[in-house]
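Student: Sharing a structure with you now.
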Amino acid sequence: MEGILNSSVLVLNKTYSPIWITNAKRAFIMLFKEAAEVIQVEKDFYNNYDFQSWAEVSEYKKIFEELNGSEDWIYTPNLTLEIPRIIRLLNYNKIPQVKVRLCRRNIFHRDNNHCMYCGHKFKPKNLNIDHVVPKSKGGRSIWENLVCACFKCNQKKDNRTPREAGLLLVKKPVEPKFLPIARVHFGSKKYKSWENFLSSSYWSVEIEG
């Protein structure tokens, strides 16, 4: 059950704007405390459920509806609950300012594990983080100067600029306006309903915890 309770849940503010991603365990706590409600997308309509009505809907779906494999469930002695994919906070209408932390993991996610010189995709263990302008030439450790590079391209580039090494960047590195890890969920069948609030070109959600 612990793995299911770590499932991702999109959190909206009171005005239906996406503000972060939390886990199912925290989402259920907010639902139980009446701080949030479940939002379920059905065609082009939104249905809103408090904890009790969501429990009733879950029980009905489990008994009478043919499930499509995109649902996750938790079971208690008294309840069978479907994991919600979206919740809305009832008393919060702010949009928090998000700044993506510059770290190795987020650079890998931004570049989608692709070498920015040869363009091929690699496992993270086969990638390095490269300074486009080497530190010895004044290059800084900032988003715009850090890219993923495979071992072969990294060795070829050595302590030179891409031009000096005869290499071209596949894509200019920029600071992401969203946490790149959120892209993992986008397009997944389980998180299809997120598309009603997010698009591949707009992400301003924060990974909580």
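Read-outs: derived from the displayed coordinates by stated rules, not from any lab. Only a predicted model underlies this, so the values are computations on that prediction, with no experimental measurement involved. Please note: Cβ atoms are built from the backbone with ideal geometry, for glycine as well, and neighbour counts cover all protein chains shown.
Student: Any idea what the dipole of the stretch 104-165 comes to, in debye rounded to 20, about its Cα centre with Lys/Arg Cβ at +1 and Asp/Glu Cβ at -1?
Tutor: 160 debye
Student: Could you list Tyr49, Tyr191, Tyr75 so that the one with the fewest beta carbons within 10 Å of its beta carbon is first and the one with the most is last?
Tutor: Details: Tyr49 18, Tyr191 21, Tyr75 11.
Least to most surrounded, the residues fall as Tyr75, Tyr49, Tyr191.
Student: Hey, another quick one. List the residues, sorted by chain then number, that are 5 or more residues from Val170 or on another chain and whose placed amide H is less than 5 Å from its amide H.
Tutor: Tyr117
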